[in-house]
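K.L.:
Okay, here's the structure, questions in a sec.
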Amino acid sequence: MAHTQTEEALEERNSDIALYSYQKGAIDKIFKSFDEAPEDYHLLYQLPTGGGKTVIFSEIVRQYLKNHNKKVLVMTHRIELCKQTSRTLTEFGVRNKVVNSTANLDDQQEYSCFVAMVETLNNRLQEGRLDISDVGLVIIDEAHYNSFTKLFKFFEKSFILGVTATPLSSNIKLPMNDNYNELIVGESIESLIENEFLARAETYSYNVGLTSLEVGANGDYTVKSSEDLYTTGNMLSKLLQAYEERSKGKKTLIFNNGINTSLYVYDAFRHAGYPIMHLDNTATKKQRKQILKWFKETPDAILTSVSILTTGFDEPTVQSIILNRATKSLTLYYQMIGRGSRILKNKSTFDVIDLGNNFHRFGPWGSDLDWQRIFRAPNYFLDTMMDDDELESHFRYEMPDELREEFKNSKDVYFDIKNAYTESVKSGESSKVILERSIEQHARICIENSEDVFDALGLAKMLGDDIDFRIDRYTKCISKSTHNFVSWLKNDYRLKLRSYLRENFEEVFEQIHGHPPLEE
């Protein structure tokens, strides 16, 4: 490829960027692995939030392109990260093209580095519009998200470098060691604090009764049960009191589990006369920009949000983080606190107010975690937090929002298998009646949201995760859980549900609506 004047100018700019010794060390280790490993090797690199992951992989891209006659692709999962990454690469003298939904790819041959969001890239590759035949290096930012794994099949001959602050998968069913051959652990949080690269967290933990919280199928607390707890007058008062004791007058970020909770928090603080704004993922780009500008420029600003600011958001002036939620996700815990860890000339510490017993669950932010062990045996790590029966008895399946929308005519879609089992034992009934009642309830919610039997059968097909969750809970109750039996039961349940819908659709439809289904 011709060396243009623009590229020369970019390389000139790169000479101003100095790398810290730990960053240089990481780059050397990664290139050593790159040189010694096969071309399709998958390497994971861990570095805490604020350690400069983007700087490290931008320098890796620069060096790689200088020494190899192949192209590089950088993948992110958020548009903000896409833009930030592109800017940093440009600062490092790497001319790059952002592959977004509006990108014109006619000039792609002129570029040796592409930056893309997962979904957009997936679409372009499915359409065959992006030539990736000579991509030798793929870099994945925030690699603990699982949206990237579906793209691995396109890069079977590429070296893949995943980077993350927490090498623990966001999906407990898809461990990272399934997709990566090796983990390189970077500088620790404690070391970065001691060497004045990060601010130290001073944590204040307020004990909160969490027995009403329920755990969803994804292993974390459900939004609904969190909102039921954190929107109570008692919890809002506790939050205000904690703020006034520890954070008053400081620039503060509040993290919540659920948009409603954040809106309640916004109202409570505004009513108390504090400068506060609310941000969630329904905000337009313009609104988001205005809110973040206000937050940056207002010394004692409070910003309440859901999980939207856990990645791709960098505001060093934050002095206080409030965890107004509980989580079972180590990654989320580290991401939320990490938003306050950026250092400034007059800032070497920041406050963390914990209103979700997270400190007791995970230990202090920056404690000496064995990332290699967590990478090799994530289930062992997760089981130490989640294996007791009492905790599991509170698990419940919660439909994802898009699926819940398909069942919007139903007031309640939940069926408590464990409770039904307890009742059937008390009544001396056969445990089989539990699954019969569950099928009837599933059929009812399908019929409540359908015009005809074909609609209902279509909705029944969408209930796979819920069915599997119910069967798993049922087999635990009856203490019979061989793999073959569970598989047979899940299949049998689906057949019986479809059969029940075909035989009873009209009768149940009339019970619900007071009239038979309308004829075409």
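K.L.:
Please work out the ratio of the alpha-carbon Rg of the chain to 2.2 N^0.38 Å and round it to two decimals. Intermediate values should be presented prior to the final figure.
P.N.:
Values: Rg = 25.9 Å, N = 520, 2.2 N^0.38 = 23.7 Å.
Dividing the Cα radius of gyration by 2.2 N^0.38 Å gives 1.09.
K.L.:
Oh, and also: Counting just the Cα atoms, what span does segment 197-370 cover along each of its three principal axes? Round to the nearest Å and put the largest first.
P.N.:
Here the Cα extents, ordered largest to smallest, are 40, 40, 32 Å.
K.L.:
Using the alpha-carbon atoms, what tilt in degrees (0 to 90, nearest 10) does helix 417-427 show relative to the longest principal axis of the chain?
P.N.:
30
K.L.:
With an 8 Å cut-off on Cα pairs and a minimum separation of 6 or more residues, tell me the relative contact order of the chain in percent.
P.N.:
13
K.L.:
Quote the relative contact order of segment 54-119 in percent (integer), defining contacts as alpha-carbon pairs under 8 Å separated by 6+ residues.
P.N.:
Once divided by the residue count of segment 54-119, the mean separation gives 41 percent.
K.L.:
Turning to a different aspect of this structure: Alpha carbon centre of segment 462-520 versus segment 264-298: separation in Å?
P.N.:
Spelled out, the Cα-based centre of one part sits 44 Å from the other.
K.L.:
Out of all Cα-Cα pairs in segment 90-132, roughly what percent, to the nearest whole number, are more than 13 Å apart?
P.N.:
52
K.L.:
Also, quick follow-up: Using Cα atoms only, what is the angle between the long axis of helix 483-513 and the major principal axis of the chain, expressed in degrees (0 to 90) to the nearest 10?
P.N.:
Here the helix axis deviates by roughly 60 degrees.
K.L.:
What is the sum of charges around LYS490, taking Lys and Arg as +1, Asp and Glu as -1, for the other residues whose C-beta is under 13 Å from the C-beta of LYS490?
P.N.:
After counting each charged neighbour, the total is -1.
K.L.:
For segment 85-161, which GluC sites (Glu not before Pro) are in a loop by DSSP, counting at most 10 other Cβ atoms within 10 Å?
P.N.:
GLU156
K.L.:
Any idea what the relative contact order of segment 197-370 is, in percent, if you count C-alpha pairs under 8 Å spaced at least 6 apart?
P.N.:
With pairs under 8 Å counted, the relative contact order is 34 percent.
K.L.:
Running Debye on segment 314-361 with equal point scatterers at the Cα sites and no solvent, what base-10 log of I(q)/I(0) appears at q = 0.32 Å⁻¹?
P.N.:
With no solvent term, the Cα-only Debye profile gives -1.21.
K.L.:
Whole percent per 5 Å bin, from 0 to the bin with the longest distance: what is P(r) over all C-alpha pairs of segment 5-187?
P.N.:
1, 8, 18, 22, 23, 16, 9, 3, 0, 0
K.L.:
Hand me the trypsin sites (Lys or Arg not before Pro) from segment 461-496 located in a DSSP loop with no more than 15 other Cβ atoms within 10 Å, in residue order please.
P.N.:
Those satisfying the criteria are LYS480.
K.L.:
Right, next: Which order results if SER133, SER86, SER431 are arranged by neighbouring Cβ count within 10 Å, fewest first?
P.N.:
Ordered by Cβ neighbours within 10 Å, fewest first: SER133, SER431, SER86.
K.L.:
For the chain, find the longest principal axis of its Cα atoms and tell me its angle to the long axis of helix 259-271, 0 to 90°, nearest 10.
P.N.:
Compared with the principal axis, the helix lies near 70 degrees.
K.L.:
Can you give me the C-alpha center-to-center distance between segment 27-60 and segment 141-201, rounded to a whole angstrom?
P.N.:
Value for the Cα centre distance between the two parts: 10 Å.
K.L.:
So what's the convex hull volume per residue for the Cα atoms of segment 397-513, in Å³?
P.N.:
Given the Cα convex hull of segment 397-513, per-residue volume reads 106 Å³.
K.L.:
What number, rounded to the nearest 500 deg cm²/dmol, is the helix-based mean residue ellipticity at 222 nm of the chain, given -39500 (n - 2.57) per DSSP H run of at least four residues and division by all its residues?
P.N.:
The helix contribution divided over the chain gives -14000 deg cm²/dmol.
Readers should treat all values here as calculations from the given coordinates under stated rules, not as data from a laboratory. Bear in mind the structure is a predicted one, so any value in this text is a computation, not a measurement. Positions of Cβ are generated from backbone atoms using ideal geometry, with glycine treated the same way; all protein chains shown enter the neighbour counts.
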